[in-house]
Each structure stands twice: as C-alpha cells, then as structure tokens.
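To start, the structure under review is shown below, and the notes come after it.
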Amino acid sequence: MVGVFSKLRAALFDATRMRGYVVYAAGEVILIVLGILIAIQLDTAQQLRQERRLEQAYIENLLEDVRFDITRSEVWFSRFDGKVNGLLLAKDFYFGDEEPEDLSEFLSAVGKGGSGSRGAVLAITATYAELISTGNLRYIRDNAVKNEILDYHTYKDFIEQYMSNLRSEYAPYTNSGRPYSPRGGLAEDTRDVPVALARFKRPEFLELVNQELTYAYSADSVMRVHR
C-alpha cells in the first residue's frame, strides 16, 4: 500500500512539475511575442516619424521652388510692357515717314522688343523630379495637396516647352543692324544708325515685328495663368 501512495505522489509531483514547465514555457513565449510586437510598433513609429520629416522637407523644398518660380516669372512681367512698347514703336516707324526725335531712345526701345523671346523663362527645379523618379510622392499624405503639386508642375512643364518654342528672328535681325545691350552702357556708333533704320523699313522686318508681338501676347497669357 505504501508503494502505491509513493507512486501516486511521484506521479502528482511529475504532473505538477510538467505544468510548471508548461506555464514557464508559455510565459517565455508570451514575453518573446510581446517583445517582438513592441519592437515592431517602435520600428513602425520611428519609420512614420522619418516619413513625416521627409514629407515636411519635401513640402518646404517645393514651396521654395514655387517662390523661385514667382521670382523668375516676375522678370517676364516686369519686361512685358517695355517689350510690347518697343515692338509697337518699331511698327509705327515702319509705316511712318519721319525719323524719331530721340534716335538713341528709339533704338533702345526697339532692342527691348526682342527681350524674353529666345527660350524658357522658368528654370527647372529638382524637387519635383526627385519626387517622381523615386516614388516619394507617396509621402505626401494629403491627396488634395498631392493633386495640386501634380497640376502645378504639369502646367509648368507645358510652359517650359511652350516658351522654348516661341522664337523668332526679331532679335538677331535688329541686333545685326545695331548691337543692343539690355543693361545699357553700350558704346554708341553713329555709323550703325542709318543701317539700322534702313533695315527697319524692309517688309521682312514688319513680319518679324508682328510675329514677335504674337509671341509676346501668347507667352504673357500662359505666364499669367501659371501665376
């Protein structure tokens, strides 16, 4: 009988010990799983913080690019009136019979008629290109903002191509008769004046004036939409 009780006690002890092992092992597994979950959560939180910092940096750079675009485009608007005025004076001279009272001022104005018509006005910036090429546009969370970015730069690309195609031979034609300096201070050579005036009376010059006027108003239209 004593042997039976001893065996029962041993069996109970083994079962109790086994349960302890199982509980201990289960606890270890739970701790490991919790540790993994916490690590994943911390890693995810850190990644989200990095993405938010990246998003903020991109937005700040995009805003800086827009400010740069505004500064560059203002160059066009500041010159537009002088450009058109010079072209209209040139056209009036073609159809008129008298020489302008101030030849130096007239020739300078005619030279300004060719400003801003030999290429793009806005410089290409790198931030948007990086967003597209790397796929990082996904970091911009607000879809409305993302769409505005896409619309803005799509139209900007259109302007770059459009402006680069607005070319006439007006500037080379006028400058070949008399050199022009947009900043002034160019030495006057009176020998150029009669040559230049004679060239401004030719039919091909009128064609160039009209073409340049068309380009000027067309460019001004798309630039104002962009602004």
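Numbers at a glance
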{"item": "Contour excess over end-to-end distance, with Cα ends at GLN56 and ARG138 and 0.36 nm allotted per residue", "result": "28.2 nm"}
{"item": "For region 202-209, 3J(HN,Hα) per residue [Karplus equation, 6.51 cos²θ - 1.76 cosθ + 1.60, θ = phi - 60°, Hz, x = Gly/Pro]", "result": "7, x, 5, 5, 4, 4, 5, 4"}
{"item": "Positive-end extreme of charge dipole, region 67-109 - chosen from SER78, PHE68, ALA90 (charges on Cβ)", "result": "PHE68"}
{"item": "Among 165-172, 63-70, 205-212, the order from most to least packed when residues are scored by Cβ within 10 Å on average", "result": "205-212, 165-172, 63-70"}
{"item": "Computed lengthening from ILE40 to THR71, 0.36 nm per intervening residue step minus Cα-Cα distance", "result": "6.5 nm"}
{"item": "Under 29 Å from the Cα of LYS83 - lysines, other chains or at least 8 residues apart", "result": "LYS91, LYS112, LYS156, LYS201"}
{"item": "Karplus-derived HN-Hα couplings along region 93-108 (A = 6.51, B = -1.76, C = 1.60, θ = phi - 60°), whole Hz, x at Gly and Pro", "result": "5, 4, 8, x, 10, 10, 6, x, 5, 10, 4, 5, 5, 5, 5, 5"}
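Any read-out appearing in this document is the output of simple, stated calculations on the displayed coordinates, not a laboratory observation. Keep in mind the model is a prediction, meaning the values are calculated, not measured. Cβ: placed from backbone, ideal geometry, glycine included. Neighbour counts: every protein chain shown.
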